[in-house]
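**Student:** Please read through the structure below; I'll follow up with questions.
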């Protein structure tokens, strides 16, 4: 028998933690897992899944409006009930929590409910109960930040958003990243008056510049007020409460009034109370665990994956990282992960899909590039009064003809970009794009019909 209670002990029951525990268990390892909250982590409970469900709901406003142009008459008053949406969303999340539980049970993983800390290189303490393990995997994710401004307690974070009791009449969203534009779009689509405040000059600053500029125009057309080059100076309210009117003072001198002030200003890795420093683990300045290519910390028996290492904060990336760890510890070590050409979507209204290098990154990496762009009204919007447009962009290496980046703003952008991510992973060239026959009539075909570079 091993000198340890477990071969692997995982701290955190989110996507990465459950994936590692499950597949390690299926490989024959003795596995324990600690989780104090609901299984599924941020993605299932206060992230990807509820956000996408609520985004679907928010799109119906425009669907109803578009229907008239297609001959449909919707009799009676259109009404939206926030409580019904939240209750149905919660029921689906509970269902997914149960699926995660069954996956762990099926892999014979011992689930320990409680808060875990690391005592040393091989010991975990879960609410006073000690367990030893040959390997400890930290997969505790992250949490949303609140800026340090007067009255910050009157504001909420994305975690709180999914549990609001009522839909606010007016909302101020602070931030310009993907969480900010997604939640602002949801609120706007469901009927709130939304102002998005961002301290920089354009949205989505880590993505291709054209995407943020185009998205801002489309969001403004839908009625979202955008305030750039400003931030919140203070929030004032007579008392706490969802429906209490807050005065939101901005650094540009303006004052806004809103029932909801939503902070979407970044996330911090959940390492603050884990005891990792005591165990000798080196952390980055923001609390992220510093790991090598094998996801080992400087204490080799302590590993980490997912948002807690602050590399690429995406659920599929955490899953892939977990599989690399399991393959190395309990398999043949045949798996690896590349952080190049990771596709992602932003479920703003309209959606964004992107994979590969931005124009700026490509210029720095290869020098000369060719840029192909198109901007059009999709066929779906021609019979309605919907003014939403679609934008597409290809970034191509001028010397090798290899496509380096594929970017889109428009309906179903995430669905479309997933397929082009395979093409980039295979090193496809622009000539191969050109030889590909498009599916007509679709928006996606535009990616294989662009012939004239704009730069």
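The values are calculated or read from the model by the stated rules, or taken from the named source; none is laboratory data. These numbers come from a predicted model, not from an experiment. Reconstructed Cβ throughout: ideal geometry from the backbone, glycine too, with neighbour counts over all protein chains shown.
**Student:** Out of (1) surrounded by fewer than 14 Cβ atoms within 10 Å (Cβ to Cβ); (2) in contact with a strand residue (DSSP E or B) (Cβ under 9 Å, 6 or more places away or on another chain); (3) without any contact (Cβ under 8 Å) to a residue 24 or more places away in the chain, the odd one out for residue 153 is which?
**Tutor:** Of everything listed in (1) surrounded by fewer than 14 Cβ atoms within 10 Å (Cβ to Cβ); (2) in contact with a strand residue (DSSP E or B) (Cβ under 9 Å, 6 or more places away or on another chain); (3) without any contact (Cβ under 8 Å) to a residue 24 or more places away in the chain, residue 153 misses just condition (3).
**Student:** Does residue 131 satisfy being farther than 30 Å from residue 183 by Cβ and either in contact (Cβ under 8 Å) with a residue 24 or more places away in the chain or crowded, with 18+ Cβ neighbours inside 10 Å (or both)?
**Tutor:** Judged against the criteria, residue 131 is a match.
**Student:** Residue 324 - would you say it is assigned to a helix (DSSP H, G or I) and either modelled with pLDDT under 95 or in contact with a helix residue (DSSP H, G or I) (Cβ under 9 Å, 6 or more places away or on another chain) (or both)?
**Tutor:** Spelling it out, it is not the case that residue 324 is assigned to a helix (DSSP H, G or I) and either modelled with pLDDT under 95 or in contact with a helix residue (DSSP H, G or I) (Cβ under 9 Å, 6 or more places away or on another chain) (or both).
**Student:** Okay, moving on. Filter segment 161-178 down to the residues that are within 27 Å of residue 81 (Cβ to Cβ) and touching a strand residue (DSSP E or B) at 6+ places or on another chain (Cβ under 8 Å) and list them by number.
**Tutor:** Within segment 161-178, 161, 164, 168, 169, 170, 171, 172, 173 qualify.
**Student:** Got a number for residues in segment 94-128 being buried (at least 19 other Cβ atoms within 10 Å of the Cβ) and either free of Cβ contacts under 8 Å to residues at least 60 places away in the same chain or assigned to a helix (DSSP H, G or I) (or both)?
**Tutor:** 2
**Student:** From the list 38, 75, pick out the single residue that is touching a helix residue (DSSP H, G or I) at 6+ places or on another chain (Cβ under 6 Å), in a loop (DSSP other than H, G, I, E, B) and more than 25 Å from residue 412 (Cβ to Cβ).
**Tutor:** 38
**Student:** Using the structure shown, decide if residue 240 is in contact (Cβ under 8 Å) with a residue 12 or more places away in the chain, surrounded by 13 or more Cβ atoms within 10 Å (Cβ to Cβ) and farther than 30 Å from residue 136 by Cβ.
**Tutor:** no
**Student:** Go through segment 224-244 and report how many residues are in a loop (DSSP other than H, G, I, E, B) and out of contact with any helix residue (DSSP H, G or I) (no Cβ under 6 Å at 6 or more places or on another chain).
**Tutor:** 11
**Student:** Here is a further query. Restricting to segment 273-285, count the residues that are more than 19 Å from residue 318 (Cα to Cα) and surrounded by fewer than 14 Cβ atoms within 10 Å (Cβ to Cβ).
**Tutor:** 6
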